[in-house]
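Structure first, commentary second.
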Amino acid sequence: MPSTAEAVAGVPDGAVVLIGGFGSAGQPVELIEALLDGGARELTVVSNNAGNGDSGLAALIRDGRVRKMVCSFPRQSDSWHFDAKYRAGSIELELVPQGNLAERIRAAGAGIGAFFTPTGFGTPLAEGKETRMIDGRGHVLEYPIHGDVALVAAYQADQLGNLVYRKTARNFGPIMAAAAKTTVVQVDSVVPVGAIDPENVITPCLYVDRVVAVPRTVAA
């Protein structure tokens with residue numbers, strides 16, 4: 001895509017948006033800013049945390065575009081925009097243990113209908129959910145998290161959309177790319193087909209719909 005604005009064009013109000021990143025590592029900030037400019041509202045955002053500082057996901061929350069956050073770590077020292085919205089009752093929170101969050105997203109991409117996990121059993125997070133004893137241990141039934149759109153940051157793509165990531169910036173990117181109807185990826189650079197060793201491809205082009213080059217002065 002020629003620009004981040006065109007890369008995120010068409011995201012509707014009320015969409016479920018999967019946003020990669022572990023804190024600021026691997027967060028597709030430029031795509032989020034383009035989504036902010038695009039005006040989509042009432043979004044359900046699935047991410048590891050609820051934004052940092054004043055940019056990226058935090059700005060999306062600040063401007064009232066997010067109706068619901070699904071995340072593992074909503075509160076930290078610089079999550080003041082989420083804190084303010086949550087205390088005001090203007091944003092909904094679904095708290096999901098990190099392993100469950102990753103597996104629910106992965107399950108969506110793998111075509112798994114549901115799965116049992118011991119994580120959360122016997123806690124308020126299991127209230128209202130089906131439970132079962134398996135090998136003498138309590139388990140909770142969890143369902144996949146599908147996205148209408150995934151916004152992902154990768155290091156490099158080829159012209160088909162095969163992706164490689166930079167170290168820990170990989171985090172949720174591969175599973176989110178597989179779990180969404182439309183996957184939009186920002187990369188540092190796009191290279192010709194064949195320039196990436198197939199053995200190094202992390203996300204195959206099958207899962208990628210739109211790519212935009214956003215050169216960085218400092219890699220994520």
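Just so you know, all these numbers are worked out from the coordinates, no wet-lab data involved. Bear in mind the structure is a predicted one, so any value in this text is a computation, not a measurement. All Cβ positions, even for glycine, are placed from backbone atoms using ideal geometry, and neighbour counts span all protein chains on display.
Compute the angle between helix 29-38 and the longest alpha-carbon principal axis of the chain, please, reported from 0 to 90 degrees and rounded to the nearest 10.
So the inclination is approximately 90 degrees.
Can you check what the net charge comes to around LEU101, using other residues whose Cβ is under 11 Å from the Cβ of LEU101 (Lys, Arg +1; Asp, Glu -1)? Show your work: numbers first, answer last.
On the way: positive: ARG104, ARG106; negative: GLU94, GLU103, GLU142.
Spelling it out: positives minus negatives among the neighbours equals -1.
What label, among (i) 0.95; (ii) 1.39; (iii) 1.02, belongs to Cα Rg over 2.2 N^0.38 Å computed from the structure on display?
(iii)
So how tilted is helix 98-110 from the main axis of the chain? Cα-based, degrees 0 to 90, rounded to 10.
Orientation of helix 98-110: about 60 degrees from the principal axis.
Before anything else, pin down the relative contact order of the chain: Cα pairs under 8 Å, at least 6 apart, normalised by residue count, whole percent.
Working: 522 pairs, mean separation 47.3, N = 220.
Answer for the chain is 21 percent.
Rounded, prolate or oblate: which fits segment 36-162, taking a ≥ b ≥ c as square roots of the Cα gyration tensor eigenvalues, rounded meaning a/c under 1.5, else prolate when a/b beats b/c?
On the way: a/c = 2.30, a/b = 1.32, b/c = 1.74.
Since a/c reaches 1.5 but b/c is at least a/b, the shape of segment 36-162 is classed as oblate.
Got the relative contact order for segment 40-139 handy, in percent, Cα pairs under 8 Å and 6 or more residues apart? Spell out each step's value before the answer.
Working: 139 pairs, mean separation 21.2, N = 100.
This gives 21 percent for segment 40-139.
Would you pull out the residues with amide H under 5 Å of THR182's amide H, same chain only if 5 or more places away, H placed 1.01 Å from N?
Distant-sequence amide H within range of THR182: VAL149, ALA150.
Between segment 31-104 and segment 160-200, what is the separation of their alpha carbon centroids in Å?
Cα centroid of segment 31-104 versus Cα centroid of segment 160-200: 23 Å apart.
For GLY89, what is the net charge nearby, where nearby means another residue's Cβ is under 13 Å from its Cβ and Lys, Arg count +1, Asp, Glu -1?
On the way: positive: ARG67, LYS68, LYS85, ARG87; negative: ASP83, GLU92.
Residues near GLY89 contribute +2 overall.
Can you run phi through the Karplus equation (6.51, -1.76, 1.60; θ = phi - 60°) for segment 72-78 and list ³J(HN,Hα) in whole Hz, with x for Gly and Pro?
Along segment 72-78, the couplings run 9, 10, x, 10, 7, 4, 10 Hz.
So what is the relative contact order of segment 89-148, in percent, for Cα pairs below 8 Å that sit 6 or more residues apart? Can you show the working numbers first?
On the way: 71 pairs, mean separation 23.1, N = 60.
About 39 percent, as a whole number.
How charged is the neighbourhood of ALA40? Take every other residue with its Cβ under 13 Å from the Cβ of ALA40, and add Lys/Arg as +1 and Asp/Glu as -1. List each step's numbers first, then the result.
On the way: positive: ARG41, ARG65, ARG67; negative: ASP13, GLU33, ASP37, GLU42, ASP63, ASP148.
Summing Lys and Arg as +1 and Asp and Glu as -1 gives -3.
Taking amide H atoms as placed 1.01 Å from N in the peptide plane, list the residues 5 or more away in sequence, or in a different chain, whose amide H sits under 5 Å from that of ARG166.
Counting only residues 5 or more places away or on other chains, the set is TYR155.
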